[in-house]
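The values are calculated or read from the model by the stated rules, or taken from the named source; none is laboratory data. Remember, predicted model here, so these are calculated numbers, not experimental data. Cβ sites come from the backbone with ideal geometry, for glycine too, and all protein chains shown count toward neighbours. Quick note on the areas: whole protein, heavy atoms, side chains included, nothing else; ligands and nucleic acids left out. Shrake-Rupley method; radii C 1.70, N 1.55, O 1.52, S 1.80 Å.
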Amino acid sequence: MLDVSKVFRYELRRLLVSKFYLGFAAVILWYGWQLLNNVTILGVANTAPFSPWSFGAYLSGLLPLLGVALLFFLWNFCNAQARGVQSLTDAAPMSRGRYQLTKYLAALTAWLSLAGLTIALGIGFLWALFGDVVPVISLLAVTVVTLLPPVALLLGIGAVAGNLCSWALFPLMALAFGAGFLPGDFYEASLFGEYPLTLGVLDPAFSMPPSVAITKLVVLLIGAGLLFFTTVSKRVGFRRN
């Protein structure tokens with residue numbers, strides 16, 4: 001049997017040492033630095049620069065680029081070069097669903113390492129300026145709420161799109177990037193930039209309207225459901241296109 005852990009380590013290493021990963025890391029960290037110095041440092045919606053609201057706005061601003069990076073990692077698993085070794089993986093004594101799930105987990109892990117760099121940059125920036133008053137635990141909690149639902153949805157949709165046609169991931173990347181600048185607020189930027197102003201309290205504790213919390217849960221479940229579908233469907237595996 002193929003060792004799943006070996007497949008996972010191989011695919012993860014292939015992503016992490018690629019020039020594309022380094023390029024994404026450089027661009028995202030540079031943009032994150034600009035956000036921290038020009039937006040976060042001023043505070044968002046009359047909150048402190050180190051508040052969960054300001055940190056959530058920082059992460060929301062990075063999500064368009066992070067979403068593109070995730071979809072590009074998925075494309076790396078279904079492009080022409082990856083299809084060139086498809087016959088070898090088909091002949092291996094491992095189910096295609098399990099093999100594809102291992103690849104998806106490698107892409108997600110590579111993305112998490114990229115997101116971790118931006119989180120470390122943001123918390124490090126705030127800690128250097130404000131020290132112990134930075135509520136690290138609260139910032140990490142807001143990080144999960146901000147990043148997990150949209151990334152789960154992009155991972156699920158990306159898995160389905162890549163399963164059908166690798167080139168479908170490119171317009172999806174454009175949509176993921178444009179969603180941060182078009183009406184619709186896919187990344188919930190208004191939650192951090194506008195909602196605190198409606199609470200009538202200076203620098204309020206972080207909270208979410210029930211409708212937003214329900215929406216995030218639904219988005220998370222849809223993304224997880226799509227990913228599950230691609231790994232159990234009889235049609236799992238990337239087509240030639």
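When the Debye formula is applied to the Cα atoms of segment 98-167, each taken as the same point scatterer, what base-10 log of I(q)/I(0) results at q = 0.15, 0.17, 0.25, 0.28 Å⁻¹? Log10 I(q)/I(0), no solvent term: -0.62, -0.73, -1.14, -1.27. When the solvent-accessible area of the chain is split by element, carbon and sulfur atoms take up 72 percent of it, the probe being 1.4 Å. The largest-to-smallest principal axis extents of the Cα set in the chain are 62, 35, 29 Å.
Binning all Cα-Cα separations of segment 1-80 at 5 Å, short to long from zero, yields these whole-percent fractions: 3, 14, 18, 17, 14, 11, 9, 7, 5, 2, 1, 0. The label-point distance for I137 and S207, in a model that sets each label 7 Å from Cα toward Cβ, rounds to 2.0 nm. Binning the C-alpha pair distances of segment 99-241 at 5 Å intervals from 0 yields a P(r) profile of 2, 8, 14, 18, 19, 15, 11, 7, 4, 2, 1, 0 %, listed from the shortest bin outward. The modelled label-to-label distance for the pair F181/W167, using points 7 Å beyond Cα in the direction of Cβ, is 2.5 nm. Pairs of Cα atoms nearer than 8 Å and 6+ residues apart set the relative contact order; for the chain it is 32 percent. Restricting attention to the chain, lysine pairs at least eight places apart or on different chains and with alpha-carbon atoms under 25 angstrom apart total 5. Between S18 and E194, the C-beta separation translates, for a Förster distance of 35 Å, into a calculated FRET efficiency of about 0.35.
For the pair W127 and N38, a Förster radius of 25 Å applied to the C-beta separation gives a FRET efficiency near 0.85, rounded to the nearest 0.05. Computed over protein heavy atoms with a 1.4 Å probe, the accessible surface of segment 114-234 works out to 51 Å² per residue. For segment 112-241, the relative contact order comes to 40 percent (Cα pairs under 8 Å, sequence separation of at least 6).
Starting with the highest mean, order 62-71, 99-108, 160-169, 115-124 by the number of other Cβ atoms within 10 Å, averaged over the residues of each peptide. List each step's numbers first, then the result.
Details: 62-71: 23.7, 99-108: 21.5, 160-169: 19.6, 115-124: 17.3.
Ranking the peptides 62-71, 99-108, 160-169, 115-124 by packing returns 62-71, 99-108, 160-169, 115-124.
Considering the dipole of segment 95-216 built from charges on the beta carbon (Lys and Arg +1, Asp and Glu -1) around the Cα centre, which of V151, G162, A128 is farthest to its positive end? So the residue we want is G162. In the full protein context, segment 1-54 carries 57 Å² of accessible surface per residue, based on a 1.4 Å probe and ignoring ligands, DNA and RNA.
Grab the DSSP H runs of the chain that are 4 residues or longer, score each as -39,500 (n - 2.57), total them, divide by all residues and round the 222 nm result to the nearest 500 deg cm²/dmol.
-23500 deg cm²/dmol
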